[in-house]
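For reference, the structure is listed below as structure tokens.
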Amino acid sequence: MFQNLSERLNQTLKNISGRGRLTEDNIKDTLREVRMALLEADVALPVVREFINKVRERAVGTEVSKSLTPGQAFIKIVRTEMEAAMGEANEALNLAAQPPAVIMMAGLQGAGKTTSVGKLAKFLKERHKKSVLVVSADVYRPAAIKQLETLATDIGVEFFPSSIDQKPVAIANAAIDHAKKKFFDVVIVDTAGRLHVDSDMMDEIKALHAAISPVETLFTVDAMTGQDAANTAKAFNDALPLTGVILTKVDGDARGGAALSIRHITGKPIKFLGVGEKTDALEPFHPDRVASRILGMGDVLSLIEEVEAKVDRQQAEKLATKLKKGEGFDLNDFRDQLQQMHNMGGMMGMLEKLPGMNQLPADALAQVQDNKITRQMEAIINSMTPKERARPDLIKGSRKKRIAAGSGTQLQDVNRLLKQFTQMQKMMKKMKGGGLKKMMRSMGGKMPPGMKFPR
């Protein structure tokens, strides 16, 4: 996410970070590079101009704190202005309404609107403990109605049935009436998308909006379309009173132009990021955290929230108890850890939120593009007998060949897994009895400011 912009800005800002003082000349050179980085990231030109002007105004003649070098002070200014361009703070959904709170989703076809309805329903159900009803008013695509029904079943929320011979307003009103009778907290209405903005679509969606008066009208837009995403959002915003934007397919967008352009062009906040295909791949948008990630400072807070939301607490406590009893870490435990990591978006999904990870060599990062590897490792462990998983020391020559054949892998893949397991096992032994702090020290690691080791 934002990989190209992050690499370019980091290289540019590295050139100034060691300067003893800031002058108009060295600021001018750096700002020219920053400007090029933003334009290459497909940030809209008006946004780039305003951003550069504000950074220049604040940087020239700025008083530098004793704790910062002038170069660090400049980077801080860039970060602050980047946050301001994206909205400064997270703007949560406003669901303070007489239940049910109605959320209307709008957007172009192919932007991930229906999938976002499912993701948002799951987010509200699991994070905010809301009872959610979803309904499709897309009477032009029977497949969209069926897709939403399937998503609702997968995530465990109720689906209100609709058909292509009904009118969108009638569908939405019937769903809201049903939600009132059944005491649902939230109704999410999926609307029809088009391949481009047209007057018929706008007239229809305006009529639907007037009929149901939603508390939130969210526009779903594809991040990979860059500044076009911001322009499309503006066209919708001119027709509808949007309350926010869901930026989808962010995991496939290495540039970041849409995230930096939307707020400036529409005046409306990005409220969520779609960061993958899974139904839990939806993150609240925090401008300060995204700015930190773009500038290579990491996003530890989001990582902590993700761990809290996605790690199986009971399983973690069970493993901790097992280690305390001295029962050891076996291949069953290792498989559980691989599955937990996969639930969090894989190793890469975790690493990109850690400070300084964008400075790792490309070949090192390539080694942790690991969804395929994780699945392969799980297949190898699943090909073992329960006895072998509990006692890995039994796995020798003939057993290794059988496991490789059973999992469709090579002998060296089995050897690699066993080596990684052994390393993990040693780490777990160090963590037993409060050894985490010692292990971190031996690795030269430091906790982020304000965080302490658990007692």
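Quick rundown of the values:
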read-out: Any hit, the range 189-202, residues being closer than 17 Å to residue 99 by Cα and buried (at least 22 other Cβ atoms within 10 Å of the Cβ); value: yes
read-out: Cβ pairs under 7 Å, 6+ apart, first in the range 325-342 and open to solvent by less than 50 Å² (accessible area, probe 1.4 Å), second at pLDDT below 80 and among the acidic types (Asp, Glu); value: 340/312
read-out: Residue match in the range 141-163 (condition: in contact with a Pro (Cβ under 7 Å, 6 or more places away or on another chain) and β-branched (Val, Ile, Thr)); value: no
read-out: Residue satisfying condition, being among the β-branched types (Val, Ile, Thr) and crowded, with 22+ Cβ neighbours inside 10 Å, within set 135, 169; value: 135
read-out: Residue match in the range 381-397 (condition: under 27 Å from residue 249 (Cα atoms), modelled with pLDDT of 60 or more and of a type outside the set (Ser, Thr, Tyr)); value: no
read-out: Strands (runs of 3 or more DSSP E) lying entirely in the range 66-168 (those with 3 or more residues that are of a type outside the set (A, V, I, L, M) and touching a residue at least 24 places away in the same chain (Cβ under 8 Å)); value: 158-160
read-out: Lone unmet requirement of (1) touching a residue at least 40 places away in the same chain (Cβ under 8 Å); (2) of a type outside the set (D, E, K, R); (3) in a strand (DSSP E or B) for residue 179; value: (3)
read-out: Condition check for residue 115: hydroxyl-bearing (Ser, Thr, Tyr), within 20 Å of residue 290 (Cα to Cα) and open to solvent by 20 Å² or more (accessible area, probe 1.4 Å); value: no
read-out: Filtered residues of the range 176-195 (kept if touching a helix residue (DSSP H, G or I) at 6+ places or on another chain (Cβ under 9 Å) and closer than 19 Å to residue 113 by Cα); value: 186, 187, 188, 189, 190, 191, 192, 193, 194
read-out: Single residue of 240, 260, 247 found to be without any contact (Cβ under 8 Å) to a residue 60 or more places away in the chain, open to solvent by less than 10 Å² (accessible area, probe 1.4 Å) and either more than 14 Å from residue 87 (Cα to Cα) or of a type outside the set (Asp, Glu) (or both); value: 247
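Yes/no matrix, rows are residues, columns are (1) at pLDDT 65 or above; (2) part of a loop (DSSP other than H, G, I, E, B):
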position: 28; (1), (2): yes, no
position: 36; (1), (2): yes, no
position: 42; (1), (2): yes, yes
position: 48; (1), (2): yes, no
position: 57; (1), (2): yes, no
position: 61; (1), (2): no, yes
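The values are calculated or read from the model by the stated rules, or taken from the named source; none is laboratory data. Keep in mind that what you see is a predicted model, and the values were worked out from it rather than measured. All Cβ positions, even for glycine, are placed from backbone atoms using ideal geometry, and neighbour counts span all protein chains on display. Note: areas computed on protein heavy atoms with side chains; ligands, DNA, RNA excluded. Shrake-Rupley method; radii C 1.70, N 1.55, O 1.52, S 1.80 Å.
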